[in-house]
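Only the coordinates and a few stated rules stand behind these numbers; no lab work does. In this text the structure is predicted, and so the values were computed from the model without any measurement. Glycine also receives a Cβ, built like all others from the backbone with ideal geometry; neighbour counts cover every protein chain displayed.
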Amino acid sequence: MILITGATGNYGKASIDSLLRKGVSSSNIVALVRDEEKAADLKSKGVEVRVGDYNNYEQLVNAFKGIDKLLLISGSDLVNRDQQHQNVIEAAKEAGVKHIVYTSFERKNETETSPIAFVAASHITTENLIKSSGMHYTILRNNLYMDLLPWFFGEKVMETGVFLPAGDTKAAFALRDDMAEATANIMMTEGHENKVYNFSNTENVSIGEMATSLSEIAGKEVTYTSPSTEVYIETLTKANVPADYVGMFAGFSTAINQGEFTVENSDLENILGRKPTSAKQFLSMVYASK
């Protein structure tokens with residue numbers, strides 16, 4: 001029996017849909033959700049829905065009973081994520097789960113000097129907890145989602161151009177649905193015990209190269225400006241962008257510039273069984289009709 005946490009979120013839904021498309025019976029899939037009302041579409045597909053909150057240990061233990069393999073999709077609550085993930089891991093062990101798969105993320109700098117230390121720290125802690133739990137594990141080091149690029153670019157990117165402190169450094173952005181499909185392949189097959197996989201694209205692409213692709217799509221020049229991180233923060237702050245977003249965009253852009261998401265080798269293509277969606281393909285899908 002397979003259980004997917006965060007089942008009403010994008011990654012969870014995509015993983016379940018992939019499992020179903022690949023022939024896994026809905027009777028062998030359990031969806032963990034916080035709000036059962038949001039899981040009507042999962043129920044309509046015959047997937048069993050169980051209610052569980054990362055903050056409620058006893059609820060998790062009950063929800064994990066009878067589960068062989070569990071996909072822990074990392075929580076979005078950065079303040080409480082360490083404790084939440086610890087709850088999931090310990091509850092899974094108590095409930096007799098044999099194998100836990102975790103959506104971590106790609107990084108190189110694991111110190112507090114990283115511009116994305118606010119995200120990295122809890123992933124590192126979670127990986128260590130899982131490895132010391134005694135359960136079989138598979139760690140997925142997911143690169144940056146291509147799906148987030150439109151957020152970084154802004155709604156009027158075709159008119160105003162790209163403004164990010166990412167320099168000319170390349171990154172191996174990958175599509176979330178590709179990662180979710182590869183995750184489903186791991187969930188439904190054996191031989192992945194105690195492995196750490198890198199889920200990155202087969203190509204590294206710079207933001208400048210993406211601006212060139214946007215120019216080709218638009219039929220006009222879409223400029224790319226890479227300011228200093230300080231100028232970037234000051235500019236967005238003056239534009240009344242919420243501080244949380246400014247910090248996130250600045251942190252990840254600076255991390256891109258520092259090479260945190262440049263990779264030499266990736267396991268995604270092998271586990272996916274095909275080439276991942278390229279950045280150029282993704283940008284065409286998103287912007288060609290605009």
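Close amide H contacts of Ile100 (hydrogens built in the peptide plane, cut-off under 5 Å, sequence separation of 5 or more or a different chain): Leu70, His136, Tyr137, Thr138. The modelled label-to-label distance between Val241 and Thr202, using points 7 Å beyond Cα along the C-beta direction, is 3.3 nm.
Overall dimensions of the chain, expressed as equivalent-ellipsoid semi-axes from the Cα gyration tensor (√(5λ), whole Å, largest first), are 34, 21, 18.
For region 129-175, applying the loop criterion from DSSP together with a ceiling of 11 other beta carbons within 10 Å to the trypsin sites (Lys or Arg not before Pro) yields Lys156. The slack in the chain from Leu20 to Asp35, taken as 0.36 nm per residue of separation less the alpha-carbon distance, amounts to 3.2 nm.
Antiparallel beta bridges, as assigned by DSSP with both residues in region 98-226, represent about 10 percent of the total such bridges.
Of the GluC sites (Glu not before Pro) found in region 209-257, the ones in coil according to DSSP and having at most 16 other Cβ atoms within 10 Å of their Cβ are Glu221. Structure remark: mean-square fluctuation, Gaussian network model of the chain, C-alpha springs under 10 Å; the largest value among Ala117, Ala40, Ala182 belongs to Ala40. With R₀ set to 30 Å, the beta-carbon distance separating Ala218 from Ser76 gives a calculated FRET efficiency near 0.35. Could you tell me what percent of the DSSP beta bridges with both partners in the chain are antiparallel, to the nearest 5? Rounded to the nearest five, the antiparallel share is 5 percent. Could you give the length gained on full extension between Thr113 and Glu155, defined as 0.36 nm per residue of separation minus the Cα-Cα distance, in nm? Going from the current span to full extension adds 12.0 nm.
A straight chain from Glu94 to Ser228 at 0.36 nm per residue would run longer than the Cα-Cα distance by 43.4 nm.
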